[in-house]
1. So what does log10 I(q)/I(0) come out to for the chain at q = 0.20 Å⁻¹, using the Debye formula with one equal point on every Cα and no solvent?
2. Once you compute Rg and the Kirkwood Rh from C-alpha atoms, what is the Rg to Rh ratio for the range 87-168?
3. Residue by residue through the range 152-158, what is 3J(HN,Hα) from phi via Karplus (6.51 cos²θ - 1.76 cosθ + 1.60, θ = phi - 60°)? Round to whole Hz and write x for glycine and proline.
4. Helix 90-100 sits at what angle to the longest principal axis of the chain, using alpha carbons and giving 0 to 90 degrees rounded to 10?
5. Only sites in a loop by DSSP and with at most 11 other Cβ atoms within 10 Å count here; which chymotrypsin sites (Phe, Trp or Tyr not before Pro) in the range 78-113 make the cut?
6. Going by how many other beta carbons lie within 10 Å of each one, how would you line up VAL81, VAL104, fewest first?
7. Taking a cut-off of 17 Å between Cα atoms, list the lysines near LYS160, but don't count ones fewer than 8 places away on the same chain.
8. Based on DSSP H runs of at least 4 residues, each adding -39500 (n - 2.57), what is the mean residue ellipticity at 222 nm of the chain after dividing by all its residues, to the nearest 500 deg cm²/dmol?
Amino acid sequence: MKKIVIAALLSMPMVAIADPSPFGLEIGKATIKDVKAKYSAQKTGINKYSGGEMYDLSGIDFDGLQKATVIFSTDGKLLAVLTTLPKSKFDSLLSGLSNKYQLVSKNIPFVGNKSAKLVDGNTEITLDAPHMSFQMEMNYSNKDLWKSYKAQSNKEQEQKKKSEHSQL
């Protein structure tokens, strides 16, 4: 019986596990050199959540793309791709992403802020379209970077609250 199970497992096709590759840049694998070879990249500083370099990209052929920023780890691996697009693309983008990645949550009221979250591997993909805006964000982010961002943001909010309370 054991031999049959092993033979069955070995005969199954091996599935390559990889994180998403927005614009041909694999999250967790692409390097700064890879990005610069593919697109025009302008360094914008060091990301306070990852400690790695950040770049604004140009030369991406994607309809409506207004801005694209990439964030790297301290060892130069791609952790996030942050984009700004017209809000009118929300439904189309969600449809396309839902066909490729696992939809975790979505909030699409008739009137109000639209949002959706999808996951694939160690990457979270978020769509956010504020109600009173003409723009939306589509972000691919490594889960560890997202956790670091949330933790530091919460810490900063607590410090601000304490500072305000001390002034009362």
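We did not get these values from a lab; they are worked out from the coordinates using the rules stated. All values derive from a computational prediction rather than experimental measurement. Every residue, glycine among them, receives a Cβ derived from its backbone with ideal geometry; neighbour counts consider all protein chains shown.
1. -1.34
2. Answer for the range 87-168: 1.11.
3. Coupling constants for the range 152-158: 5, 5, 4, 5, 5, 5, 5 Hz.
4. Its long axis makes an angle of about 30 degrees.
5. Taking the range 78-113 and a limit of 11 other Cβ atoms within 10 Å, the loop chymotrypsin sites (Phe, Trp or Tyr not before Pro) found are PHE110.
6. Values: VAL81 25, VAL104 12.
Sorted ascending by nearby Cβ count, the order is VAL104, VAL81.
7. The reachable lysines, counting only those whose Cα sits under 17 Å from LYS160, are LYS150.
8. Helix contribution divided over all residues of the chain: -10000 deg cm²/dmol.
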